[in-house]
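Student: Pasting in a structure now, in structure tokens, and then I'll have a few things to ask.
Read-outs throughout are calculated quantities, based only on the coordinates presented, and are distinct from any laboratory measurement. Note that the structure is predicted; figures quoted are calculated from it, not measured. Cβ sites come from the backbone with ideal geometry, for glycine too, and all protein chains shown count toward neighbours.
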Amino acid sequence: MSNTATRIRIAGAVVAAAASIAGLAACSSPAPSGDAAAAAPAAACEPAKGNVTLQYWNTVPGMDQVVALWNKNNPNIQVEMKNISNDQYGTIGNALKAGKAPELAQVGYDELPDLRTQNAFVDASACADATAAKSKFVPWTWSQTSFGDTGVFAFPQDTGPMALYVRSDIFKKHDLEIPKTWDEYAADAQKLHDADPNLSITFFDPNNAEWFNGLLWQNNAEMYGYAGDKWHVTVESDQSKQVAEYWQKLIDAKLVRTDLAHGSTPMYAAYQKNQIATYVGAAWGYSMFRDNLPDQSGKWTIVPMPTWGSSAASGDWGGSTVAFMKGNTHLYESVKFNSWLNTDPEALALENKLGGLYPAATAGSALPALAEGVPYYNNEKIFDVFADSSKNIDTSFTWGPTQKTVNLALQDALAKATAGDGKLADALTAAQAAALKSMQDQAIPAVAGN
Amino acid sequence: MTDIATRGTRVVATTGGRSRHNGGGPRAGTIAAFLIPFFLPFVLFYLVPIAYAIGQSFLVVRRTGGQYGTSYTTFGGFDQYVQVFQNTEFWSSIGRIGLFGIVQVPVMLFVALIMALLLDTPLLKLKAFFRIAAFMPYAVPGVIAAIMWSFLYSPQLSPVVDLLKAIGLQPDFLGPGAVLWSAANVSTWLWTGYNMLIMFSALQAIPQELYEAAKLDGASNWAIAWKIKVPIIAPSIILTTVFSIIGTLQLYAEPAVLRQISSNISSTFTPNMLAYAVASGNNYQQAAAISVVIAVITFVLSFGFMRLTSKRAGL
């Protein structure tokens, strides 16, 4: 390649770049006019004249069979589903940008404010069935999907109320009581470690912000509030610091492992080798242990999460909603399908069986699969524990509008701390700063503190 | 484009007298027919996205109204670039990757060169086997290779770790200090064979007469390797170095996979991982600016290296 040719090519590239910069005015999206800037009014809720086909995107295993059941009984409202588990939020985000969002999409609770900030949803509250659905769901889930009763943007689907999974055989062997408070849990951790240095009470995965957030939720560590036209960021609070400092103590004393990633093969291997005695988990975890550690059948029991004080309190880890997406012109039909999908016993039973979903609908606890004892857990009625847990979840907890970025910052800083660089509490400072910075980047008015 | 145009003219000049073609019509059509299959996707999937990213990098997000509001973008000048330059995470990812490249690229290319020279000696038996064996890892997709290695690194699963523990060592391949080199090892395993093959094919092109002449002059095999073969294939070595510099700056798959089992790889471990993390937080404009800066750094480093070495090597 001659030098001249190179130069000409570079020049060409520069010209192309300059041209694209010149075309920027066309690139940027215009500011909305005054009317459009106001909160979008609830869309109308009229039944369509003819047949309707709805698009529904989700990540739930076996959901195609649930949708097929609906389609068989509802020839006038056909649903086409797409599994987007490869890149759930990437796919949804791109579709929104292209103006091709489906009518309905699965969105996690912690992603609802983030997507709403991108105008991803329509308010279905014009549909009488949508507002009436409130009574059919566990209270905290409705407060998330209605954004504190300001509209109906999604229906809750499943939840992850937290509880403590305990290897009762290990506890019995070391003559330990099952812990009721976090203090008792720490004492048990010490006793297990003293008895066998290779045995840990649990593991702390710094790369799992969703889990850590569940712990914060349990301690009423409200991360966000909104008042006076501004978001108030309180990721770093006395309650969140209490949680961080508690786990820091366990880590410093080497009572918990920090080298296992949640759900990874090494994590299952550690449980398989009887190196870990408990698991602080969510309702959907029951099938993880059942399916991955079949030889430990009968050795596990599930009890309420240890508490900070004397009163019962729990947190949620995971779970999803089915949201009404922007551009949905078939709200009437969408509400019909969405409420069948998430409140009808037949649909709930199928979703539980095929996808392992723990329903957000109150009718869920009456399902035979959830009312009976589970063989793997000594035929204990483990779902009663999760149902109680769900009732004890703080309903005012709010996720932030840039939660994904905050979670990444939290994880990176927690990982630094577990590698010996700083403390877990520093991660809260880092997450607080990331929250404020990312909100500033998205032009969302925010201040630190209450 | 200019390259091809120049060559085209040369062809016309040398064959001019005998050419049966009159005028440029059919020739232009032929050229276009050959070029369009390349240029159309090149423009659509290469130039347009680059121009789009550059465009995005000059925008900022603004918002009107309420708790959730409505967002729009507007021209923000060099705002996003100022933020990139102020971003300590960005510079530490560049520093990390710089350290990675300074160590991994020379090690990998040196091993590749030795392997290529060995394959080129008449002493080695089973050449075809060794050539294929060395090239094999390149046929394994990067993500699969990283998953495989992650099992070998994991203290819970790895027979290698068990073996080292049995002889009294306490290896921690996923620890905060070691994990960068564990990722470098995966890259080296993946790419050494590929680089070796480029060097080996250059060696194959050297005429045998040169070796005969050298032998007549009493040169040893060693002297032939270092004084004749290596200087002649210098352009290939430079080429593989440039590829490796580019590959290093774009490092993503290996650390992203190892991140699944090691919390010592942060979400901003490499520049590309940082850009991805920023984009996943909906800050496309900032991610675009980061991408443009990475591209410029890659461009400067690879062309800088080519300039530097082509002068030295007298190419």
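Student: Around A:V60, with a cut-off of 13 angstrom between Cβ atoms, what is the net charge of the other residues, counting Lys and Arg +1 and Asp and Glu -1?
Tutor: Residues close to A:V60 contribute a combined charge of -1.
Student: Over the whole of A:408-419, what's the average partner chain Cβ count within 10 Å per residue? Rounded to a whole number, please.
Tutor: Taking all residues of A:408-419 together, the mean is 4.
Student: In debye to the nearest 20, how big a dipole does segment A:173-284 give about its Cα centre with +1 on each Lys and Arg Cβ and -1 on each Asp and Glu Cβ?
Tutor: Around 260 debye, computed over segment A:173-284.
Student: Report for the protein assembly as shown the percent antiparallel among DSSP-assigned beta bridges with both residues inside it, nearest 5.
Tutor: Roughly 65 percent of the DSSP beta bridges within the protein assembly as shown come out antiparallel.
Student: Please label the shape of segment B:79-312 as rounded, prolate or oblate, based on the square roots a ≥ b ≥ c of the eigenvalues of the alpha-carbon gyration tensor (a/c under 1.5 means rounded; beyond that, a/b larger than b/c means prolate, else oblate).
Tutor: oblate
Student: Relative to the longest principal axis of the C-alpha atoms of chain A, give the angle of the C-alpha long axis of helix A:382-391, reported between 0 and 90° and rounded to the nearest 10°.
Tutor: The helix A:382-391 is inclined about 60 degrees to chain A.
Student: For every other residue with a beta carbon closer than 12 angstrom to the beta carbon of A:P445, add +1 if it is Lys or Arg and -1 if Asp or Glu, then tell me the sum.
Tutor: The answer is +2.
Student: Classify segment B:129-211 as rounded, prolate or oblate, taking a ≥ b ≥ c as the square roots of the eigenvalues of its Cα gyration tensor: rounded when a/c is under 1.5, otherwise prolate if a/b is larger than b/c and oblate if not.
Tutor: Judged from the Cα gyration tensor, segment B:129-211 comes out prolate (a/c at least 1.5, a/b above b/c).
Student: Also, I was wondering about something else. What relative contact order, as a whole-number percentage, does segment B:79-312 give when Cα pairs under 8 Å and 6 or more residues apart are counted?
Tutor: 30
Student: Same structure again: Using the basic label-point model (7 angstrom from Cα toward the beta carbon), what is the A:I178 to A:K230 distance in nanometres?
Tutor: Each label point lies 7 Å from its Cα, and together they span 4.7 nm.
Student: Using the Cα centre of the protein assembly as shown as origin and beta-carbon charges of +1 (Lys, Arg) and -1 (Asp, Glu), tell me which of A:T278, B:L157, A:S334 is placed farthest towards the positive end of the dipole.
Tutor: Result: B:L157, furthest along the dipole toward the positive end.
Student: Bin by bin, in steps of 10 Å, what percent of the Cα pairs in segment B:83-222 do you find, going until the bin that has the longest distance?
Tutor: All Cα pairs, binned at 10 Å, distribute as 10, 27, 29, 20, 10, 4, 0 percent.
Student: Right, something else. On the principal axes of its Cα set, how long, how wide and how thick is chain A? Give whole Å, largest value first.
Tutor: 72, 66, 54
Student: On full extension of the chain, what length is gained from B:A139 through B:F34, given 0.36 nm per residue of separation minus the C-alpha to C-alpha distance?
Tutor: 34.8 nm
Student: At a temperature of 4 °C and a viscosity of 1.567 mPa s, determine how fast the protein assembly as shown diffuses translationally according to Stokes-Einstein, using the Kirkwood radius over alpha-carbon pairs as Rh; express D in µm²/s, rounded to the nearest whole number.
Tutor: It diffuses with D of about 43 µm²/s by this estimate.
Student: At most 12 other Cβ atoms within 10 Å plus a DSSP loop assignment makes a site exposed; report the longest stretch of chain B without any exposed trypsin sites (Lys or Arg not before Pro).
Tutor: Answer from the scan: B:126-315.
Student: How large is the helix-only mean residue ellipticity at 222 nm for the protein assembly as shown, computed as the sum of -39500 (n - 2.57) over DSSP H runs with n ≥ 4, divided by its residue count, in deg cm²/dmol to the nearest 500?
Tutor: -17000 deg cm²/dmol
Student: Using 0.36 nm times the number of residues separating A:Q65 and A:N119, minus their current alpha carbon distance, what extension gain do you get?
Tutor: Length gained between A:Q65 and A:N119: 16.4 nm.
Student: Ranked highest first by the average count of other Cβ atoms within 10 Å around their residues, in what order do A:288-296, B:109-117 fall?
Tutor: Per-residue Cβ counts within 10 Å, averaged per peptide and sorted highest first, yield B:109-117, A:288-296.
Student: Continuing with this model, one more query. I'm checking a number: the convex hull volume of the Cα atoms of segment B:72-163, normalised per residue, in Å³. What is it?
Tutor: It is 234 Å³ per residue.
Student: Related question: P(r) of segment A:44-156 in 5 Å steps, Cα pairs, percent per bin?
Tutor: Per 5 Å bin, starting at zero, the Cα-Cα P(r) for segment A:44-156 comes out as 2, 10, 19, 21, 23, 19, 6, 0 percent.
Student: Given the peptides A:211-217, A:61-67, arrange them by the average over their residues of other C-beta atoms within 10 Å, most packed first.
Tutor: Ranking, from highest mean packing down: A:211-217, A:61-67.
Student: With +1 assigned to the C-beta of every Lys and Arg and -1 to the C-beta of every Asp and Glu, and no other charges, what is the dipole magnitude of chain A about the Cα centre in debye, to the nearest 20?
Tutor: For this selection, approximately 1000 debye.
Student: Next question, about the same structure. Net charge around A:K173, counting only other residues with Cβ within less than 15 Å of its Cβ (Lys, Arg = +1; Asp, Glu = -1)?
Tutor: For residues surrounding A:K173, the net value is -2.
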